[in-house]
Amino acid sequence: MKTLYDVQQLLEKYGILVHVGKRIWDIELMALELDNINKAGLIDRHDYMMAKLILREEHRIEELNEKRKMRKTIASKLV
């Protein structure tokens, strides 16, 4: 498991499909659903940890992208 798509495929095995509309919200909901299936004891610990690492990194990237967009928008309004 290496990508967000891989995490989506893992969740799909448990009947969980996530599409909220905004990528960062999808990542956050996937993390919650992953926690739920872990608490239920349905997922292998290694898979859980790998998926959490992937989601954490993807969330960090999305936050950086949103900050860049905001800075760009503010800069364009100042010009």
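The values are calculated or read from the model by the stated rules, or taken from the named source; none is laboratory data. Just so you know, these numbers come straight off a predicted model, no measurement behind them. A quick note on method: Cβ atoms are made from the backbone with ideal geometry, for glycine too, and the neighbour counts reach across all protein chains shown. With ligands, DNA and RNA removed, areas are computed over all heavy atoms of the protein, side chains included. Shrake-Rupley method; radii C 1.70, N 1.55, O 1.52, S 1.80 Å.
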Just to be sure I understand, how many residues within region 14-32 are surrounded by 12 or more Cβ atoms within 10 Å (Cβ to Cβ), more than 15 Å from His59 (Cα to Cα) and of a type outside the set (A, V, I, L, M, F, W, C)?
1
Residues being without any contact (Cβ under 8 Å) to a residue 12 or more places away in the chain and assigned to a helix (DSSP H, G or I): count how many of those fall in region 40-55.
4
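Arg68: of a type in the set (D, E, K, R), within 16 Å of the chain's Cα centre (by Cα) and farther than 22 Å from Gly15 by Cα, yes or no?
No, not satisfied.
Would you mind stating whether Ala51 is in contact with a helix residue (DSSP H, G or I) (Cβ under 9 Å, 6 or more places away or on another chain) and small (Gly, Ala, Ser)?
yes
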Matching option when the condition is outside any loop (DSSP other than H, G, I, E, B), hydrophobic (A, V, I, L, M, F, W, C) and surrounded by 15 or more Cβ atoms within 10 Å (Cβ to Cβ), among Ile61, Ile37:
Ile37
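Select, from Ile54, Ile43, the only residue that is over 13 Å from Met1 (Cα atoms) and of a type outside the set (Asp, Glu).
On the way: Ile54 fails: over 13 Å from Met1 (Cα atoms).
Exactly one residue qualifies, and that residue is Ile43.
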Can you go through Lys2, Lys72 and tell me which one is open to solvent by 80 Å² or more (accessible area, probe 1.4 Å) and at pLDDT below 95?
Lys72
